[in-house]
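Only one structure is covered here, and it is reproduced in the block below.
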Amino acid sequence: MKLADCDILILPGLGNVADGHWQLRWAERMGTAAIVEQADWDEPDLDDWVATIDQACRLTARPVVLVAHSLAVIAVAQAGTRLPDNVRGAFLVAPPDIDLSSAAPEAMHAFRPIQRDPLPFPSMLVTSNNDPLCTVDRAVEFATCWGSDFHQAGDAGHINLDSGHGPWPEGLLMFTRLMQRL
């Protein structure tokens, strides 16, 4: 699938995206991309986040590809089967292990337990070897449950600004591979 043929819905995690974050850069550079705004970025409500993602997908008549980071990955997993048929794929980056990680902020606990049902659309899960919020083994488990292709991004932390991922060209290459499958 070509970028011009779909709407890219960018789903930031807890706290939204900061200037320079790869998601914001992608939204600015992709003509068909938009950041989905949540009502509360700092004290998230699972039902509210899922409803907002669902509504954003339903407001477009074109195919949708989701680009989720951190807590938004968990929201996509929770929303999975409830999302409309126009969702054609998801690029899932740095899922936090909110069930087992002691490093996961308390604000994320409202999204527990992590949904394990397969996603009804193709997806790719990207994680790093040293993400403080999720071990590689747990990320593999999530990818297996969700039916996602799995990709290790090396020692990339939480794949955010704090770990040096502003532009993240390697991520764009991975995203391109997912788009070729759709």
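The values are calculated or read from the model by the stated rules, or taken from the named source; none is laboratory data. Just so it is clear, the model here is predicted, and its values are computed rather than measured. No Cβ is skipped: glycine too gets one built from the backbone with ideal geometry, and neighbour counts run over all protein chains shown. For accessibility, only protein heavy atoms count, side chains too; no ligands or nucleic acids. Shrake-Rupley method; radii C 1.70, N 1.55, O 1.52, S 1.80 Å.
Summary table below
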read-out: V87 long-range amide H proximity, modeled H, under 5 Å; value: V64
read-out: Sequence ranges 74-80, 98-104, ranked by mean other-Cβ count within 10 angstrom, highest first; value: 74-80, 98-104
read-out: Rounded, prolate or oblate (a/c below 1.5 giving rounded, otherwise prolate when a/b exceeds b/c) for the stretch 77-139 by Cα gyration tensor; value: oblate
read-out: Cα gyration tensor, the stretch 1-112 - rounded (a/c under 1.5), prolate or oblate; value: prolate
read-out: Anisotropy class of the stretch 69-182 from Cα gyration tensor, a/c 1.5 cut; value: oblate
read-out: Of all accessible heavy-atom area on the chain, the percent that carbon and sulfur account for (1.4 Å); value: 49
read-out: The chain, accessible area per residue, ligands and nucleic acids excluded (1.4 Å, Å²); value: 44
read-out: A51/D149 FRET efficiency (R0 30 Å; Cβ-Cβ; nearest 0.05); value: 0.60
read-out: Computed helical MRE - 222 nm, the chain, DSSP H runs ≥ 4 contributing -39500 (n - 2.57), nearest 500; value: -9000 deg cm²/dmol
read-out: Protection-proxy order for peptides 7-13, 48-54, each taking the mean of Cβ atoms within 10 Å per residue, highest first; value: 7-13, 48-54
